[in-house]
1. Considering segment 362-380 alone, what residues qualify as being charged (D, E, K, R) and over 14 Å from Pro323 (Cα atoms)?
2. Cβ-Cβ distance below 6 Å, separation of 6 or more or different chains: which pairs start in segment 52-66 with a residue that is closer than 15 Å to Ile427 by Cα and end on one that is surrounded by fewer than 19 Cβ atoms within 10 Å (Cβ to Cβ) and acidic (Asp, Glu)?
3. Would you confirm, using the coordinates I've provided, whether Ile395 is closer than 17 Å to Arg344 by Cβ and surrounded by 24 or more Cβ atoms within 10 Å (Cβ to Cβ)?
4. For segment 266-288, check the following and say yes or no: at least one residue is in contact with an Asp or Glu (Cβ under 9 Å, 6 or more places away or on another chain), in a helix (DSSP H, G or I), among the β-branched types (Val, Ile, Thr) and more than 23 Å from Met97 (Cβ to Cβ).
5. Just one of Ala190, Ala138, Ala120 is of a type in the set (A, V, I, L, M, F, W, C) and under 18 Å from the mean Cα position of the chain (by Cα); which is it?
6. Taking the residues in segment 93-117 that are among the aliphatic types (A, V, I, L, M) and in a loop (DSSP other than H, G, I, E, B) as candidates, determine which candidate is nearest to Ile240 (Cα to Cα).
7. Looking only at segment 428-464, how many residues end up being without any contact (Cβ under 8 Å) to a residue 40 or more places away in the chain, farther than 19 Å from Leu103 by Cβ and out of contact with any strand residue (DSSP E or B) (no Cβ under 7 Å at 6 or more places or on another chain)?
8. When Glu174 is evaluated against the numbered criteria (1) outside any helix (DSSP H, G or I); (2) without any contact (Cβ under 8 Å) to a residue 12 or more places away in the chain, which criterion, by number, is the only one it fails?
Amino acid sequence: MKKCLVAVAAIVTAALAVVSAQGQRQVSLLVTNGIVVTMDGTGRVISGGSVAIDGANIVAVDTVDAIRRQFRASDTIDATGQVVMPGLVNTHTHAPMVLYRGLADDLALMDWLNNYIFPAEAKTVSPEFVRAGTRLAALEMIESGTTTFADMYYFEEEIAKETKAAGLRGVLGETVIQFPVADAKTPADALARAETFIKTFRNDPLITPAVAPHAIYTNDGQTLKAARDLSRKYSVPTLIHVAETRAEADTAKERGSPSVVAYLDSLGFLGPGVVAAHAIWVNDADIAILKSRGVGVSHNPESNMKLASGVAPVLGYLAADVPIGIGTDGAASNNDLDMFEAMRVASLLQKVTSNSPTAVSAKTALQMATTGGARALGMERQIGSLEQGKRADVIIVGMSAARQTPMYDPISHLVYVTRGDDVQTTIVNGKVLMRNRKVVTLDRAAVLKDARMWAEKVRAAVAR
């Protein structure tokens, strides 16, 4: 009799499971049991939460029980004790420049550029160099939780190919500059390359092509207008360095404008889709112009500090509701691509310069690195938060290290304690790029070996 009852119970349990399964939606991936920091409009933090992903999209963010009732998946990642959050958005990089990491330090920007970086690039940049550098940068970004990055460099089509192969999302700008460079002898050549690049990648699910006129001090007004016109023609972003140094502000005055922002505005350059990197040497009138024109700003605190370029008026941008994100800049002037470090520095720098410990709170810094960056890039409808309908760009951050113990507030920990190498899992567009610290889209050993080989070539070239 006892055996019979056990058998009946087993049958009933199996039947209930079938009924339950029939009521569930099949999805591709579930991330379960985590501390879910959504960064949505209400700032939800779900202490026992799960994220349901189907294909490239997030289909639900809720409690573990609610997700379990509604969904089943072919793959599940258990995030117990870890933070589940949106992937970080790096709003300004020069990805291949990781191969110049540490090449020239402790210098002012113009000395660094004119006497070290530009000469090194003239001797070493090639499609092969760019591919190797992009793979190294992609590896570093995947391992440290960046899922989207904005880039400005040469041979940008090669950067796009390697970015796609690694599985990252990129807003990638072909550089336009007045003097001969590795991939273009004239601005007209660069603009033609940019147009070809746009046509090749304009409908790509991971790559957003852009035009990237370098700066006002490396381009004349005619070239700047032509670059912006090309962006408008294809409705793609424009990436540009703006008001990074006092010397750049002086260049604007030499051209008859009170500031860099005013000069660009006089050209009809500013508007939605423009992302202004640095934007340090600005005044209140400039901030008002940037806001009225719908320009996004990339704040790059570590590079700005290292090059002694100045301190961006982040509090002014935030008060004016200018879309502002955080960038690392290239690793030649940072010297890494760790967005957790950039968040921490962005917060602390504003506190000390404003003499206010409440300036740029942990929550605000985290917003800048996620939703703020998405907004600055014009991608807030697709990325930046964990919400139904958005792309499944998700990272899982370990919180078990000694320096992370105890944890009272996950948002505080993410900004003031966490480092890039605490990231355990990185997912972009629903695809797992790294699981439990193992990158699956790149051969780590091969990437590092190739980078070391290129370092020897760079060392030999600059020694001549």
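The values are calculated or read from the model by the stated rules, or taken from the named source; none is laboratory data. Values in this document were obtained by computation on a predicted structure and should not be read as measured data. FYI the Cβ positions are ideal-geometry reconstructions off the backbone, even for glycines, and counts take in every protein chain you see.
1. Across segment 362-380, the qualifying residue is only Lys363.
2. Matching pairs, first to second residue: none at all.
3. On the way: closer than 17 Å to Arg344 by Cβ: yes; surrounded by 24 or more Cβ atoms within 10 Å (Cβ to Cβ): yes.
So Ile395 fits the description; yes.
4. No, segment 266-288 contains no residue that is in contact with an Asp or Glu (Cβ under 9 Å, 6 or more places away or on another chain), in a helix (DSSP H, G or I), among the β-branched types (Val, Ile, Thr) and more than 23 Å from Met97 (Cβ to Cβ).
5. Numbers: Ala190 fails: under 18 Å from the mean Cα position of the chain (by Cα); Ala120 fails: under 18 Å from the mean Cα position of the chain (by Cα).
Unique residue meeting the criteria: Ala138.
6. Ala108
7. Count: 5.
8. (2)
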